[in-house]
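Reviewing the structure listed below.
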Amino acid sequence: MTPRTPEAAAAPQHVSRADAVGELYRRHAVGLVRIALLLVGDQASAEDVVHEAFLGLYRNWPTLNDYSRLVGYLRVAVVNGSRGVLRARKRAWLLPVRHDPPVWSAEAAAMATEERREVLAAMARLPRRQREVLVLRYYAELADTEIASVLGVSRGTVVSTASRALSVLARQVQEEEL
Amino acid sequence: MSRLEVRVQEACREAADTVRPEVIRSLDLEPDQRPARTRQAAATHRRGRVLGPLAAAAAVAIVVAGVVVLPRLMGGTPGHPNRQTHTSTPKPNALAALPKFTVLNNTNAIDVVTTATGRIVGQLHAPARQGFAALAGTASDRTFFAVADLNPQTSCQSFFYRFTLSADGRPSALIPLPVRRLPGLPTALAADASGNLVAFSIDQCATGASGHIGNGQAIGNIGLFDLTAGRTIRRWTYTLGEDYTTDLSISADGRLLGYSNFLDAKYMVGRVIPTSAPPGPDERYSHIVTRRPMLTALSTSGRLMYAISGTRDLALAAYSTANGQQVKVLRRLPASTETGVLVVDPTGRSALLSMTHFSTRKRLYPYVKGRPCLALRVHGILKCERITPPQTHFVIIDLTTGKVTALPFRQHGPPSWGVVAW
């Protein structure tokens, strides 16, 4: 018997809840952690956010009514979870706590290009929703309508927010404005 | 895609590729899963790195600026950064006419600061599991309003409060406003001189907690509480391509609201809307006063809108709310200025501006293997960039002469909306 995939439109009856969520995790965790990383900055926090999202899915499984939209659900949960992390950090400015090196430092292993690091640093200074729109549009490569669904706003708002973000970014990285 | 869009995409991809699939923790789903790993557990997991990389990144380009550029802006002598949030460099003559107290929002608490000295004279903690989002003052310098949301944002709600200050600045307890809780995240707050009218902006957030995908199309609204009537008397919805506002202001008599938001997905505009306008889309009942502002604030009379605008160099200018004509350029600001909030004091004589400066100038020191640093390659050699958390400075700008005077307190972190009220 071929188990139904978790993305099937109706509730999967032939697989356990844990198996279904586990399969979704196997397929989508990396991509979601990468999105969260771009929103919160470090992998440990990004993994926490994604774990919370999947645990939320697991808890809410019996109440879900549209199994074709599970990935969308997870994206929403990841965006919301990332906002929670950033809020907590806003308060943490008052604490003299050492922090892990950011993902674009040598210790975190990875970004060889200073120009790209500068772009990410500038993105980190953008307002929350502008950053979310840029990550979802240029990294996750979602269509504006999909971004609108994830963020709970209209497509027009996505377009305006992206335009505003690029305009600010252009000023900060000294790129000619669009 | 434009060159900038390509740069954004490449930067995101390079950072995202640092996440290697083989090192991601597995998901531990027990058959009898308890209701979620708690936030406390997550906090323990991350202990010692609360001040995260994103915050560090925010610091990077702002490193030097607060020390170097602000004195130039003020035409004074260079000060030096103080480790404390609240410093002591008062200029009594310049500050004497200002409101006695300034309230600062630190999200989890509100600090009451003596404006002239920067001394904290009172503190008010947010209710459990809430964080303050925005503040508003009244003409009395003793009555203030605050709006909070859940912290963490486990659901999307706004909570409105009033508090008063004693003669020596001690705050009362928070008094919930006699209005219903509103769905949505607060983005701005303003009150008229009497404190009877309170205007707010809320932004719909992504939904998903209930298992349903957020798909709403109304992105938020500006509303008006009449506290004498104890109800919301107006709602103007944001429409189409508009973005939420974070710089709401209201004339002293409560007749006019000023704010900025997006027009046709192209640029910001500063708008005014009469508080007597019927409910509906804000675009229908407001009119545009100025185009491409970064921040706006109404004068107490409502006859002028002050706006900071400009792409290369910034300027604070006054515009007539009747016809949009520029009345006066009050002050030019360096292009490197980042602004947060513009608040006109109750007398209408001066405005408070929160600001810092970003700079591309880097302070480097040698890389030492194993020591955390923000690393970059300079001519093939690994260097570390010195990270100094940015600080928000507060200045007052005389609305007649344009003269700028620094206030003797600062706040950790980059400038943000909702952080200060008079």
For B:Arg271, A:Arg17, B:Arg349, what ranking results if the residue with the fewest other Cβ atoms within 10 Å of its Cβ goes first? B:Arg349, A:Arg17, B:Arg271
Let me know the mean shielding of A:56-63 by other chains, meaning the per-residue number of their Cβ atoms within 10 Å of its Cβ. 3
Residue by residue through the stretch A:125-137, which ³J(HN,Hα) values in whole Hz follow from phi under the Karplus form 6.51 cos²θ - 1.76 cosθ + 1.60 (θ = phi - 60°), with glycine and proline marked x? 8, 6, x, 3, 5, 5, 5, 4, 5, 5, 5, 5, 7
Of B:Leu298, A:Leu169, how do they rank once you tally other Cβ atoms within 10 Å and put the fewest first? A:Leu169, B:Leu298
Long-range amide H partners of B:Gly254, meaning residues 5 or more apart or on another chain whose placed amide H is closer than 5 Å, are B:Ala193
Exposure-ranked with fewest Cβ neighbours within 10 Å first, B:Asp226, A:Asp48 stand as B:Asp226, A:Asp48
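A short reminder: the numbers here are calculations on the coordinates, not readings from a lab. Note that the structure is predicted; figures quoted are calculated from it, not measured. Counting neighbours? That spans all protein chains shown, and the Cβs are built from the backbone with ideal geometry, glycine included.
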